[in-house]
Amino acid sequence: MSATTASGRVFKYGRDIDTDVIIPARYLNTAVHAELAEHCMEDLDASFASTVQPGDVIVALENFGCGSSREHAPIAIKASGVSCVIAASFARIFYRNAINIGLPILECPEAALAIESGDKVSVDFSTGIIVNDTKGSSYQAQTFPPFMQRLIDAGGLIEYTKRVLARNNAKDTER
């Protein structure tokens, strides 16, 4: 899939999934993304890290990512291979952290309620359309403004900034 689409099997969770459940505090002594991924969701779903495949999707109900403001939570999810998170709503700090690290997220209460664990879904980030390929239903999520989508497409704020600086440096060199 390209940066504007995602497709995968669903891992479904409930409401108020906090950052301590996404990545328990006992693992915050590492900045190695692969190590964080090994422990992603383990207190809620012990099989997640061993069964998640690249491209899979997390679907959850309201207030996903509540709790502390640690960036480790979206990093652990992204490093585990998850292509996007769909939720009825996100905690605001998780929402911002996800964008900052380039983890695509979509708010869509209807999809969050209807999609079940094990379903296969496809997402088009440019249109906000979520298709449950298993059930043949579709849902409309709100898309990101273009500048935010560019951040996500670049892999997050740091990668986006590196690209902008490199482009500006190349222009300065040409002068």
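Observations, loosely collected:
- Of all residues making up region 131-162, the number that are more than 19 Å from Lys78 (Cα to Cα) and in contact with a helix residue (DSSP H, G or I) (Cβ under 6 Å, 6 or more places away or on another chain): 1
- The condition (being more than 23 Å from Thr30 (Cβ to Cβ), modelled with pLDDT under 90 and among the small types (Gly, Ala, Ser)) is satisfied by just one residue among Ala111, Ala170, Ala141: Ala170.
- Filter result for Gly55 (in contact with a strand residue (DSSP E or B) (Cβ under 6 Å, 6 or more places away or on another chain), in a loop (DSSP other than H, G, I, E, B) and free of Cβ contacts under 8 Å to residues at least 60 places away in the same chain): yes
- The criterion of at least 1 residues that are buried (at least 17 other Cβ atoms within 10 Å of the Cβ) and touching a Pro at 6+ places or on another chain (Cβ under 7 Å) is met by the following strands (runs of 3 or more DSSP E) wholly inside region 69-175: 84-87.
- Count of region 10-54 residues which are on the phi > 0 side of the Ramachandran plot and in contact with a helix residue (DSSP H, G or I) (Cβ under 6 Å, 6 or more places away or on another chain): 1
- Listed conditions (1) under 12 Å from the mean Cα position of the chain (by Cα); (2) surrounded by fewer than 24 Cβ atoms within 10 Å (Cβ to Cβ); (3) more than 30 Å from Thr161 (Cβ to Cβ); (4) aliphatic (A, V, I, L, M) are all met by Val59, apart from (2).
- Here Gly102 clears all of (1) touching a Gly at 6+ places or on another chain (Cβ under 6 Å); (2) without any contact (Cβ under 8 Å) to a residue 60 or more places away in the chain; (3) closer than 17 Å to Asp16 by Cα except the condition numbered (3).
- Filtered residue count, region 29-44, keeping only those that are surrounded by fewer than 17 Cβ atoms within 10 Å (Cβ to Cβ) and assigned to a loop (DSSP other than H, G, I, E, B): 6
The values are calculated or read from the model by the stated rules, or taken from the named source; none is laboratory data. Values in this document were obtained by computation on a predicted structure and should not be read as measured data. As a convention, Cβ positions derive from the backbone with ideal geometry for all residues, glycine included, and neighbour counts pool all protein chains shown.
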